[in-house]
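> Just passing along the structure, written as structure tokens.
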Amino acid sequence: MKLQKNKILQAVGFSFLTLCILIVLTILCVILFDITAKGIKSVSWSFLTEMPRKGMTEGGIMPAIAGTILVTFITAVLAVPLGCFVAIYLNEYAKDTKLTRLIRLTIRNLSGVPSIVYGLFGVVLFVQSLKFGTCLLSAGLTLGLLTLPWTITASEEALKTVPKSYREGAYALGATKWQVIRTNVLPYAFGGILTGAILGVARAAGETAPILFTGAAFYLPFLPESGFDQFMALPYHLYILATQHHAIGQVRPLAYATALVLLALIFSMNFIAIIIRYRIRKKTMLVH
Amino acid sequence: MSIGTFPVDIIKSRMVVHCMKAYKIKEEAIKLFLLICSITVVMLLFGIFLLLLLKTIPAFKEISIKEFFTTPLWNPAGYYKEQYGILAMVVSTLMVTAGAMIIAVPLGIGTAAYLNEIANHKVREILKPIIEILAGIPSVVIGFLGIVLLGPIITKVFGVKSGLNALNGSILLAVMALPTIISISEDALNSVPKSFGEASYALGANRWQTLVRIKIPAALSGIIASCMLGMGRAIGETMTVLMATGCATAMPHSFFDPVRTMTSAIAIELGEVAFDSTHYYALFAVGLVLFLMTFAVNMASDVILNKYQLMERK
């Protein structure tokens, strides 16, 4: 009797777990399907390459795409090298001291700071104190700070995968610590660091809140000429089209198409990262 | 021969010593540089806190602290008197977050348990990257779908006037918190030693009993930490709640009321205020409260996670 009851309980329990994963997968499918099905109609070559016209009710989103790529580039320039340096320090040099633990604790906490708070910080530091104004540079640097904890964590994960024997072999030949890192550790970890960097920067590319007040422009039918110009960005453009536009109904197809382009941009970055990771895995498997 | 080579050797050995010194200096310089980079990161967190604090202090020259924390009315453009009370915002934030957790916690843990217990290796390797995709979707896209997809559904199903309300925000935030909860819970379940499960099977327990009474309790601190991290993310999320919750400043009474959270208040108003006005400083005060709330949640989850890693080591 009791065994029977337990069996039924297990069947019910397992079907609940299956239901959970099905719900999660359904949510994902609905999101991707809805955006793709409704967005694809408005995506065309001219949509991708033209300036917006008539108060964004017609034309393309070229300046928004270009703006997002430019701001992402600045983000990467700040976050990737700095993240890599910190990761090298933590993984290769740092001993288990109070300072090291403080640094690690800080990094974990930084990744939990809300993106809008980074936005506030960027406004005070870059826009006001350093007098950059609301511009590409301010927004890129703000996003860079936001991305930093992710690139540090990813780089450190990559450095951890380097086998000890690589380091010991180089030490045995009389190399100094930095020589070991430069010639043996970094080349091995390079792919992993790159993968993490792309994933982190891709996440930054989709962020809206930090650039709201640091540089993104409502409507700007030309490209920024320098780092001190305002710019249009895909996520901000989508926000405008979805909530702030005077003819929301009319621009809805354009909003869908913008969402699709944004998703495509981020997913293609993720895809590149996954391919790099896959190729590295294959390569390192051959070595061992 | 020996007379000829002798000085050369000395020169050589001197060069070696010299080089060694140069190397040592270079090594130390590099180490110092990397250390400075790392300390910069610590400074960043303190910098964020200090700047928020610095910009908050002027706000309380005009606003009484008691009024700020205990009154629900936020009306910076008030005709007779400007009102700065964040109670309604804090309640809205907590309400939307709580709603999100009610949805995301069982769903997330259930999914993690599925991946750990039911899915075989191959299925797991396929499903995990698919769930990672969910984490990659930008919040603004989720918020957009809240307006165009979920809003109308809520209007129809519950027969309310507007689908842009706290419920909508809760569902969207649940979607955003799910990947965090799933991946960390699954890690926690995976790190439960195999012998625990085997001992349980040996006593005649079936897989469900083992999962519920052995594996989940053993991984509980990791699971709780994952939920708290997801909660921290939900509290600090801006774009989805900004777009999908209707943004009314009044105190919410039910999940069908439109709400304005702390994050969306900052996002809406900071673009419109004059720099260095009381309103401007008041928004930084909201930012500081938000920062402290997420900081507390993250620290708590950190403490719980550490505890569980220590236990694992033992």
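Taken together, the values in this text are just the output of simple stated rules run on the coordinates, not laboratory data. Predicted, not measured: the structure shown is a model, and the values here were computed from it. As a convention, Cβ positions derive from the backbone with ideal geometry for all residues, glycine included, and neighbour counts pool all protein chains shown.
> Sort the range A:45-287 into rounded, prolate or oblate with this rule: let a ≥ b ≥ c be the square roots of the eigenvalues of the Cα gyration tensor; rounded if a/c is under 1.5, and if a/c is not under 1.5, prolate when a/b is larger than b/c, oblate otherwise.
Values: a/c = 2.83, a/b = 1.88, b/c = 1.50.
Since a/c reaches 1.5 and a/b is larger than b/c, the shape of the range A:45-287 is classed as prolate.
> Now for a different question. Calculated from DSSP H runs of 4 or more alone, at -39500 (n - 2.57) each and per residue, what is the 222 nm mean residue ellipticity of chain A, nearest 500?
On the way: 11 runs with 195 residues, N = 288.
Only helices count here, giving -23000 deg cm²/dmol.
> Here's something else I'd like to know. Loop only by DSSP, 16 or fewer other Cβ within 10 Å of the Cβ. Give me the trypsin sites (Lys or Arg not before Pro) in the range A:14-110 that pass, ordered by residue number. Walk me through the numbers before you get to the answer.
Working: sites: A:K38, A:K41, A:R53, A:K54, A:K95, A:K98, A:R101, A:R104, A:R108; in loops: A:K41, A:K54, A:K95.
Filter output for the range A:14-110: A:K41, A:K54, A:K95.
> Order of B:F144, B:F256, B:F33, A:F85 from fewest to most other C-beta atoms within 10 Å? Spell out each step's value before the answer.
Working: B:F144 29, B:F256 18, B:F33 12, A:F85 21.
Listed from fewest to most nearby Cβ atoms, that is B:F33, B:F256, A:F85, B:F144.
> Right, here's the next one. Please label the shape of the range A:144-286 as rounded, prolate or oblate, based on the square roots a ≥ b ≥ c of the eigenvalues of the alpha-carbon gyration tensor (a/c under 1.5 means rounded; beyond that, a/b larger than b/c means prolate, else oblate). List each step's numbers first, then the result.
Working: a/c = 4.05, a/b = 2.49, b/c = 1.62.
Cα axes put the range A:144-286 in the prolate bin.
> How many Lys pairs in chain A lie less than 28 angstrom apart by Cα atoms, where the lysines are 8 or more positions apart or on different chains?
Taking the Cα cut-off of 28 Å, the pair count is 15.
> Mean-square fluctuation check for chain B, GNM, Cα pairs under 10 Å: which of B:Y114, B:Y23, B:Y201 is largest?
In this elastic network of chain B, the residue with the biggest mean-square fluctuation among B:Y114, B:Y23, B:Y201 is B:Y23.
> For the range B:147-223, what relative contact order do you get, as a whole percent, if you take Cα pairs closer than 8 Å and at least 6 residues apart? It would help to have the intermediate numbers written out before the result.
Values: 44 pairs, mean separation 20.5, N = 77.
Computed value for the range B:147-223: 27 percent relative contact order.
> Also, quick follow-up: Cut-off under 25 Å on the C-alpha distance; same-chain residues fewer than 8 positions from B:K81 excluded. Which lysines are left, in chain and number order?
Leaving aside lysines fewer than 8 places away in the same chain, those within reach of B:K81 are B:K55, B:K61, B:K66.
> With a cut-off of 8 Å between alpha carbons and a minimum separation of six or more residues, what is the relative contact order of chain B in percent?
On the way: 381 pairs, mean separation 73.2, N = 314.
Computed over chain B, the figure is 23 percent.
> For n ≥ 4 DSSP H runs only, could you compute -39500 (n - 2.57) per run for chain B, divide by its residues and tell me the 222 nm figure to the nearest 500? Could the numbers behind the result be given before it?
Working: 14 runs with 228 residues, N = 314.
Taken over chain B, the calculation gives -24000 deg cm²/dmol.
> Something else about it: Given the range B:68-313, report the % of alpha carbon pairs whose separation exceeds 22 Å. Could you put the intermediate results ahead of the total?
Working: 17906 of 30135 pairs.
Result: 59 percent of Cα pairs exceed 22 Å.
> Given an 8 Å cut-off on Cα distances and at least 6 residues of separation, report the relative contact order of chain A as a percent.
Values: 369 pairs, mean separation 75.4, N = 288.
It rounds to 26 percent for chain A.
> Connecting C-alpha atoms closer than 10 Å in a GNM of chain A, tell me which of A:G140, A:G112, A:G206 has the biggest fluctuation.
A:G112
> Let me ask something else. Loop-only check: which trypsin sites (Lys or Arg not before Pro) in the range B:117-175 are DSSP coil with at most 11 other Cβ within 10 angstrom? Kindly include the intermediate steps, with their values, before the conclusion.
Working: sites: B:K122, B:R124, B:K156, B:K161; in loops: B:K161.
Answer by residue number: B:K161.
> Against the longest alpha carbon principal axis of chain B, how many degrees, from 0 to 90 and to the nearest 10, is the axis of helix B:220-236 turned?
70
> A follow-up question, please. Using the basic label-point model (7 angstrom from Cα toward the beta carbon), what is the B:I65 to B:H253 distance in nanometres?
3.4
> Between B:E272, B:E125, B:E27, where does the largest GNM mean-square fluctuation fall for chain B, given springs only between Cα atoms within less than 10 Å?
With Cα springs under 10 Å in chain B, the top fluctuation among B:E272, B:E125, B:E27 is at B:E27.
> What angle, in degrees between 0 and 90 and rounded to the nearest 10, separates the Cα long axis of helix B:121-136 from the longest principal axis of the Cα atoms of chain B?
Long axis of B:121-136 versus the principal axis of chain B: about 70 degrees.
> Further question: Label the protein assembly as shown by shape, choosing from rounded, prolate and oblate, from the square roots a ≥ b ≥ c of the eigenvalues of the Cα gyration tensor; if a/c is under 1.5 it is rounded, and otherwise prolate applies when a/b is larger than b/c, oblate when it is not.
Oblate, because a/c is 1.5 or more while a/b does not exceed b/c.
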